[in-house]
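The values are calculated or read from the model by the stated rules, or taken from the named source; none is laboratory data. Here the structure is a predicted model, which is why all the values come from computation and not from measurement. No Cβ is skipped: glycine too gets one built from the backbone with ideal geometry, and neighbour counts run over all protein chains shown.
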Amino acid sequence: METKPKTDVVAVDAARSLGVVQTREYTFSGPQALDSGESLGPVTIAYETYGHLNAERSNAVLILHALSGDAHAAGYLHGEKGPGWWDAMIGPGKAFDTDRYFVICSNVIGGCKGSTGPASINPKTGKPYGTEFPFITIADMVEAQRHLIDHLGIDRLLCVAGGSMGGMQALQWVASYPERVRAAIPIATALKHSPQQIAFNEVIRQSIMADPAWRGGDYYETGQPEKGLAVARMIGHITFMSEQSMEEKFSRKLKKGHLSFNFDADFEVEGYLRYRGANFVKRFDANSYLYITKALDYFDLSGGKLIPPGGIDTCFLVISFQSDWLYPSYQSQEIVRLLKRRHVDATYCELKATYGHDAFLVEVEGQGLLIRHFLERTYRGERNGNGKPR
Amino acid sequence: MVEAGSRVLDLGCGTGDLIHLLMREKNAWVQGIELDEQAIYECVKKGLPVCQSDIESGLAEYPDRSFDVVILNQSLQEVRKAFFLLREALRVGSRVVVGFPNFAHLSARISLFLGGRAPMTPSLPYHWYDTPNVRFLSISDFKNFCRDKGFVVERARFLNGGKEIRFWPNLRALGAIFLLSGGKSVESGQVQEATHG
């Protein structure tokens, strides 16, 4: 979320907010073996934690971020005006209640917000990796998080939760370490990308790589391919909104009240996309965008890959949004069908929010209610049928 | 009708009161299916697992005999493909509990025959224009239906509020609860979708 609350709003919010938080780093030497056959090491993971781990170490919730997200999920970083990307959901008394739960959020590997990624220094060359960075998958991201969770001394997570790519990581956690996850909340996500989703990502990648400033990924001394990355992000923002939310937000409103008869941004929607694109290049590395979109496209837990033959004890809360056409509800329903087939304790709801894919970031009421009560039930240890699913 | 420790699927579970009771009192492993978003919120508040789905689209994802009991409490009469759904319920569950309002209750008959009005009774509280019901059946209808389709009626209870009705139930009972098992009619795996039947 890139909302910029006024100073007085921040002060009011601070009562129910985490206040000032810190991003930390954890480094393990690795090397971590990757799905591609290559390896990565040393690996640094940027992360934040909120609330306190209880004596039984049973109240840890791992929040997983989406494509351009970071470890800063809630509260305020020193000197920054805007809160973390899921601040509406995480904090004292909020859905992920930091008075009760120990909430962790880490930046994915391959990213550019403190964790090891293409912009990090390659120890072999002393220069940024660029396209020397190995290809990573969602499973590799989860494996790096597993090192962090071990480091924090947590055997079993109360919950893994996230939207979009965060939802994929939540699913991957269950596939990789079912015995370490009591509950999973995949939101607005899929078991695998459809050709349409891959197609959007390919156009996004091509727009970055078509910018001469990309220089085959070797641009860290010459500057980002800003034009290509901005267009890539503009494409993204179109897919994040619904037709209705665009109509409500912009309609055909003109920026200057009249047509310019040149190629300036006449319509507000054009201005919005340009603004979003221009802002994005200041905060995100183009190579990270390439690597992470590839990881999204490679992800595939369809077939029997989500749930091992012996079944799982993990409970699921699956959420989708009616207006989300990037990750349509049918993809969440595929997850639910799989869970039903395998007798997994499952809750699913399609929320009527109109924001499109962005809903997982901004819709608080329905999501908040579902998550709050689902988490409470899991935390209380209320076992369906005394924990005898089969 | 539900034994302790059973695996229970409630089709059209509403706000989840029944499966909540079964979970607490009978230690049942429960799963609810419900279409209404607000009702789902109420289930989740009670700590129940519930999936949003239209039960009319079937239960294809559930393997045969996934549940000990499948419940259709006050939802059969709201479904167009009633026969299809019952056969699906009997495929995925060993037994099926069906509860429905009796359209042939005395007050309904009086209202129709003497008043000339579409019946409104305590178990059929809707106007003709706002009723969710699309199938109007009596206890006798359902008995005949089970006999024709080869469903085995293991038990039946006829109720007037909290009171059990033993004599002339088709005339005197506002509602009925049947416990069915499939017999030989549904053992051949997944059924074909019947046309609105």
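Figures for the structure shown
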read-out	value
Residues within segment A:20-40 that are part of a loop (DSSP other than H, G, I, E, B), surrounded by 14 or more Cβ atoms within 10 Å (Cβ to Cβ) and of a type outside the set (Asp, Glu), tallied	3
Failed criterion for residue A:62 (all others in (1) surrounded by fewer than 24 Cβ atoms within 10 Å (Cβ to Cβ); (2) in a strand (DSSP E or B); (3) of a type outside the set (S, T, N, Q); (4) touching a Leu at 6+ places or on another chain (Cβ under 9 Å) hold)	(1)
Some residue of segment A:218-226 being assigned to a loop (DSSP other than H, G, I, E, B), over 26 Å from residue A:117 (Cα atoms) and acidic (Asp, Glu)	no
Answer from A:306, A:273 - the residue that is in the same structural domain as residue A:188 (by TED's automatic domain parsing) and under 25 Å from residue A:197 (Cβ atoms)	A:306
Selection count, segment A:334-347, where residues are more than 8 Å from chain B (Cβ to nearest Cβ) and in contact with a strand residue (DSSP E or B) (Cβ under 8 Å, 6 or more places away or on another chain)	3
Selected residue (only one of A:385, A:368 is more than 10 Å from chain B (Cβ to nearest Cβ) and either surrounded by fewer than 23 Cβ atoms within 10 Å (Cβ to Cβ) or touching a helix residue (DSSP H, G or I) at 6+ places or on another chain (Cβ under 8 Å) (or both))	A:368
Test for residue A:350: is it surrounded by 18 or more Cβ atoms within 10 Å (Cβ to Cβ), out of contact with any Leu (no Cβ under 6 Å at 6 or more places or on another chain), more than 26 Å from residue A:205 (Cβ to Cβ) and within 11 Å of chain B (Cβ to nearest Cβ)	yes
Single match in B:136, B:84, B:145, B:100 (criterion: buried (at least 23 other Cβ atoms within 10 Å of the Cβ) and touching a helix residue (DSSP H, G or I) at 6+ places or on another chain (Cβ under 9 Å))	B:100
Residue identified as within 13 Å of chain B (Cβ to nearest Cβ) and at pLDDT 95 or above among A:299, A:321	A:321
Qualifying residue in segment A:136-149 (condition: under 27 Å from residue A:190 (Cβ atoms) and in a loop (DSSP other than H, G, I, E, B))	yes
Pairs, first more than 7 Å from chain A (Cβ to nearest Cβ) in segment B:47-64, second acidic (Asp, Glu) and surrounded by 23 or more Cβ atoms within 10 Å (Cβ to Cβ), C-beta under 7 Å, six or more apart	B:58/B:88; B:59/B:88
Residue list for segment B:104-117, restricted to those being surrounded by fewer than 24 Cβ atoms within 10 Å (Cβ to Cβ) and either touching a helix residue (DSSP H, G or I) at 6+ places or on another chain (Cβ under 8 Å) or more than 16 Å from residue B:141 (Cα to Cα) (or both)	B:104, B:106, B:107, B:109, B:110, B:111, B:112, B:113, B:114, B:115, B:116, B:117
The one condition in (1) surrounded by 22 or more Cβ atoms within 10 Å (Cβ to Cβ); (2) at negative phi; (3) not polar (S, T, N, Q) that residue A:188 fails to fulfil	(2)
Residues satisfying the stated conditions in segment A:227-270, i.e. touching a Lys or Arg at 6+ places or on another chain (Cβ under 9 Å), surrounded by 13 or more Cβ atoms within 10 Å (Cβ to Cβ) and outside any helix (DSSP H, G or I)	A:241, A:265, A:266, A:267
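Here is a yes/no grid of residues against (1) touching a Gly at 6+ places or on another chain (Cβ under 7 Å); (2) among the polar types (S, T, N, Q); (3) assigned by TED's automatic domain parsing to the domain that holds residue A:104:
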| residue | (1), (2), (3) |
| --- | --- |
| A:162 | no, no, yes |
| A:165 | no, no, yes |
| A:170 | yes, no, yes |
| A:176 | no, yes, yes |
